[in-house]
Amino acid sequence: MRAAGISTPRLDKMPGMFFSANPKELKETDHSLLDDKTHKKRPKTFGMDVKAYLRSMIPHLESGIKPSKSKDILSVNEVMQWSQSLEKLLANQIGQDVFRSFLKSEFSEENIEFWLACEDYKKTESDLLHRKAEKIYKAFVHSDAAKQINIDFHTRESTAKKIKAPTPTCFDEAQKIIYTLMEKDSYPRFLKSNIYLNLLNELQANSLK
């Protein structure tokens, strides 16, 4: 994907987002690259400009990165792969966070929050399913939920019945609807947004240095 050069917006006006400040939660070995200049075939990672750009979107990013590894978080190839599918975007931790920042700017961050909550729910131990199912339902599905997701009446009622005897799949129907909504609606706009294009442009510019 070739992004047209565009002017960089005021980064201090971009919406923030949550990112773990715990260094142990960052899988440095997944995306880190050796600093040895002899490895010229390895994709180059971003420099200080992009690091500052990410920090402006993800306020807690820097505190969770060891200084020696702060340049090795993201590569041009990774960010370009985000444009291949929503699945690839959501498979990347920073991709999730940048997309959530975009959704927050559109006042629809509840969609990715619900999707992520469902992904986490599927990994829940059986004795904790009921408590977590109730929490997700009240937060996102209930008609009076503070972060109510946009699903049809039938799915809302069906989900309400399923959580009475919760299983790991009781939110699957609602989760699929929200994923499709993001895929068809928000995701295409994200790929054309300043948040994504500026990040990609900065990475590409730094890879040529």
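The values are calculated or read from the model by the stated rules, or taken from the named source; none is laboratory data. If you're wondering where the values come from, they're calculated on a predicted model, not measured in any experiment. Methodologically, a virtual Cβ is constructed for each residue, glycine included, from the backbone with ideal geometry; neighbour enumeration extends over all protein chains shown. Accessible surface areas use protein heavy atoms only, side chains included; no ligands, DNA or RNA. Shrake-Rupley method; radii C 1.70, N 1.55, O 1.52, S 1.80 Å.
Looking at the stretch 109-131 only, could you name the residues that are surrounded by fewer than 18 Cβ atoms within 10 Å (Cβ to Cβ) and either touching an Asp or Glu at 6+ places or on another chain (Cβ under 9 Å) or charged (D, E, K, R) (or both)?
Matches in the stretch 109-131: 119, 120, 122, 123, 125, 127, 131.
If you check residue 137 against the conditions, is it of a type outside the set (Lys, Arg) and within 25 Å of residue 78 (Cα to Cα)?
Values: of a type outside the set (Lys, Arg): yes; within 25 Å of residue 78 (Cα to Cα): no.
Considered against the rule, which asks whether it is of a type outside the set (Lys, Arg) and within 25 Å of residue 78 (Cα to Cα), residue 137 comes out as no.
Please state which of the following conditions residue 168 fails to meet, knowing it meets all the rest: (1) in a helix (DSSP H, G or I); (2) surrounded by fewer than 20 Cβ atoms within 10 Å (Cβ to Cβ).
Evaluating residue 168 over (1) in a helix (DSSP H, G or I); (2) surrounded by fewer than 20 Cβ atoms within 10 Å (Cβ to Cβ) leaves (1) as the failure.
Any idea how many residues of the stretch 171-205 are among the acidic types (Asp, Glu) and buried (at least 20 other Cβ atoms within 10 Å of the Cβ)?
Of the residues in that region, 1 qualify.
Scan the stretch 76-91 for residues that are more than 12 Å from residue 190 (Cα to Cα), in a helix (DSSP H, G or I) and of a type outside the set (Lys, Arg) and jot them down. Lay out the reasoning, then the answer.
Start the filter on the stretch 76-91 by keeping residues that are more than 12 Å from residue 190 (Cα to Cα), which leaves 76-81, 84, 87-88, 90-91.
Restricting the remaining residues to those that are in a helix (DSSP H, G or I) gives 76-81, 87-88, 90.
Within the stretch 76-91, 76, 77, 78, 79, 80, 81, 87, 90 meet the criteria.
State which residue is nearest to residue 173 (Cα to Cα) when the search covers only the stretch 138-152 and only residues that are open to solvent by less than 70 Å² (accessible area, probe 1.4 Å) and among the aliphatic types (A, V, I, L, M).
The selected residue is 151.
Six or more apart or on different chains, Cβ atoms under 7 Å: show the pairs whose first residue is in the stretch 111-134 and over 17 Å from residue 159 (Cα atoms) and whose second is part of a helix (DSSP H, G or I) and aromatic (Phe, Trp, Tyr).
112/99
Spot the failing condition for residue 135; the list is (1) open to solvent by less than 10 Å² (accessible area, probe 1.4 Å); (2) of a type outside the set (Ser, Thr, Tyr); (3) not in a loop (DSSP other than H, G, I, E, B), and only one is missed.
(1)
Within the stretch 138-165, count every residue that is in a helix (DSSP H, G or I) and of a type in the set (Asp, Glu). Can you show your working first?
Within the stretch 138-165, the subset in a helix (DSSP H, G or I) is 138-141, 153-162.
Applying the additional criterion that residues be of a type in the set (Asp, Glu) yields 157.
Qualifying residue count, the stretch 138-165: 1.
Go over the candidates 148, 175 one by one and state the one that is closer than 18 Å to residue 112 by Cβ and in contact with a His (Cβ under 8 Å, 6 or more places away or on another chain).
Working: 175 fails: in contact with a His (Cβ under 8 Å, 6 or more places away or on another chain).
Selected residue: 148, the only one of 148, 175 that is closer than 18 Å to residue 112 by Cβ and in contact with a His (Cβ under 8 Å, 6 or more places away or on another chain).
Any idea which of (1) among the aliphatic types (A, V, I, L, M); (2) under 30 Å from residue 77 (Cα atoms); (3) open to solvent by 20 Å² or more (accessible area, probe 1.4 Å); (4) modelled with pLDDT of 95 or more is the one residue 208 doesn't satisfy?
The number of the failed condition is (4).
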